[in-house]
1. Kindly evaluate K109 against the criterion of being within 19 Å of V151 (Cα to Cα) and not in a strand (DSSP E or B).
2. So G468 ticks every box in (1) within 20 Å of L397 (Cβ to Cβ); (2) among the small types (G, A, S); (3) buried (at least 24 other Cβ atoms within 10 Å of the Cβ) but one. Which box is left unticked?
3. Can you list the helices (runs of 4 or more DSSP H) lying wholly within the range 18-106 that have 1 or more residues being among the aromatic types (F, W, Y)?
4. Can you report the number of residues in the range 40-61 which are under 22 Å from I150 (Cβ atoms) and touching a residue at least 40 places away in the same chain (Cβ under 8 Å)?
5. Any residue at all in the range 634-645 that's touching a residue at least 24 places away in the same chain (Cβ under 8 Å), part of a helix (DSSP H, G or I) and farther than 24 Å from R561 by Cα?
6. So, in the range 438-461, how many residues would count as being among the small types (G, A, S) and surrounded by fewer than 24 Cβ atoms within 10 Å (Cβ to Cβ)?
7. Would you point out the residue of the range 476-499, among those that are basic (K, R) and outside any strand (DSSP E or B), that is nearest to L525 (Cα to Cα)?
8. Looking at A510, A568, A588 in this structure, which one is more than 25 Å from the chain's Cα centre (by Cα) and either in contact (Cβ under 8 Å) with a residue 60 or more places away in the chain or within 30 Å of I419 (Cα to Cα) (or both)?
Amino acid sequence: MNIYHDLNQLPVFKNAVVTIGSFDGVHRGHQKLLEKINHLARDVEGESVVVTFHPHPRLVVYPKDHSLQLITTIDEKIALLKRYGADNVVVVPFSIEFSQQHPDEYIEKFLYEKFKPSYIVIGYDHRFGLNRQGDINYLKACAEKFNFKIVEIEKQEADELAISSTKIRTALQKGDVNAASNLLHHYFTLTGTVVHGERIGTSIGFPTANIEVTSANKLVPPTGIYAVYVWHGGHRFKGMLYIGNRPTVSRLKNRSIEVNIFDFDKNIYGDKLRLEIVDFIRSDKKFDNLQQLQTQLQLDKEASLKCLSNESPLLMPDGKKETASLAVVILNYNGHEHLAQFLPSVLESDYTNMQVYVADNGSEDGSVAYLQSNYPSVRVLQLEENHGFAEGYNMALKQVEADYYAILNSDVEVTEDWINPILELMERDQTVAACQPKILAYNNKQQFEHAGAAGGWLDKWGYPFCRGRIFNNVEKDKGQYDKTQEIFWASGAALFIRAKLFHNIGGFDADYFAHMEEIDLCWRLKKAGYKVMVRPKSVVYHVGGGTLDYENPRKVYLNFRNSLMTLAKNESRGRLLWLLPLRLVLDAFAGVLFLFKGQFKNIQAIVQAHWDFFPKLSQIREKRKSNKELIAKTSIAPPNMTGIYPKSIVWQYYGRRKKKFLDLVMKSKA
């Protein structure tokens, strides 16, 4: 998501679908509106633009009115708009001068010149300009002149937006955070900086971080103890929050907001904390002495832990979960350095219903101890030995419950918003079984990365290649593959997949050990009628060869052997009768290329791959039979072969010198 605070620095938006409002709380009603503009933006191949104001217009127009309490600060609001999928947020600096524009000036100089909107999605009661003269009818009258269309939010829906905000504020003012959470569709948050306190909590065994909430208009719930989640540096901890005047210590009269973070011992003065308030525990109370207070705090901690442990997902009106649950699972084998370098970016991901797992494949480099010491929020799944990529993930994912799995290499740096675009797509289209982000090179972030690039294809002979990478020719990223598209296979370096479907279709084939098992998996999904997609709006950076160099003989062996296995398991028997002999010839050609490079061990690797493959044909026949049964049980439609290139990529690349994906005649196999 892009965020803009300066109207003079706005880009030229593409087919902008614009909506305007305060969006305080970004509650359920706002979320439906965001979904509406995002759908409309996709329909016109444009982008959604949310226009909001800071300071809140009421604070500027009525500066002596101090009654306004806001559910969200501007930073909290922006984070929520990002979470719920807005492409762009424009924060308009609101002033008296801005409020006094004539409606004509507002439309021409502000809406038209700044945004060039294709659509404006607005409420029936929206007012703008000097003395609030402008309304939706005024906008409709100007629509033809400025070439935009008006989509009116119906009266009932617009009224619900206002009513929900009022209900949320009322609930929070009463301390009913459960009611507020149900209306918000997320937890109410308090964000502030850790400042020095009186250290009374430390003296009785309950050290607290004192929080300074700098926004004077931020709504703060009434005094009492609350169960909370505490976010610090990408980690989420359990804790209990105190809001009150500390009546047990009579000399302290000012309101205090302080949180006791469970199982936490770090110096965080000056750091920012974000508190998600889950439930109310008890009202504030004066005790005769600090010992009584200490005893009560222990009971409060137990009550908070019980509350947080028994927490149920927030429910939508139709009974579905607030947001789909995601398990990010990183397979590790002696990757201590990669975990130290890249795990922090994963933990900073802007997705709340997420749990990060590291499945350790019998590492001997202290990886497990490092994780347990430094990342207590990460769940470690210990496997007794190195089972390889395929079986390692199979064993780990049997222990993980979630709606979706994000299978992620340990040498991948993710961007903050890498999750939302993909899950939004998969939640919207239930026929999408798997999806990958755009994968760029960590060491050259303007270039695609070998393992997946902008989505995988197969040619008619079963050779894999990518949008942005054919064999070893890797393109620069110039936005040429930024369109969300259906592909044939998604990279295992960063693979999102429906958890239930992963298991129902048989998971990875353990015999692969590593490399191309994701192509085999995606082929089964495609034969069951599902889609595999790439969502370039999501971006990650992959080191590549972080565990095994691309021209390492071991990797050459696995790629050639596993490519043959994939064909034998998934191609029709009729095609296999002539395709496997042809592959012998084509693989021999690859051996000649390695000969010219002087890579004799790679020639040996190709030979060994064939020697190991052909004796297993009877075993592969049994797998074909088993897979056919799984596919039949899982199937939702006829086989979907989108992403098959109907020609030989070997000939196109070496014979016709077509080095880039866009150079190919892209005509998918029916």
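1. Numbers: within 19 Å of V151 (Cα to Cα): no; not in a strand (DSSP E or B): yes.
The answer is no for K109.
2. Condition (1) is where G468 drops out.
3. Helices (runs of 4 or more DSSP H) meeting the threshold: 96-99.
4. To start, the set of residues in the range 40-61 that are under 22 Å from I150 (Cβ atoms) comprises 40-53, 57.
Then drop every residue that is not touching a residue at least 40 places away in the same chain (Cβ under 8 Å), which leaves 40-41, 44, 46-53, 57.
Qualifying residue count, the range 40-61: 12.
5. yes
6. Number satisfying all stated conditions: 1.
7. The initial filter retains those residues of the range 476-499 that are basic (K, R), namely 476, 478, 483, 498.
After this cut, where a residue has to be outside any strand (DSSP E or B) as well, the list is 478, 483.
Details: K478: 31, K483: 22 Å.
Here the residue is K483.
8. Matching residue, one of A510, A568, A588: A510.
The values are calculated or read from the model by the stated rules, or taken from the named source; none is laboratory data. It should be emphasised that the depicted structure is a prediction, and the values quoted were computed from it without experimental measurement. Cβ atoms come from the backbone with ideal geometry, glycine included; neighbour counts cover every protein chain shown.
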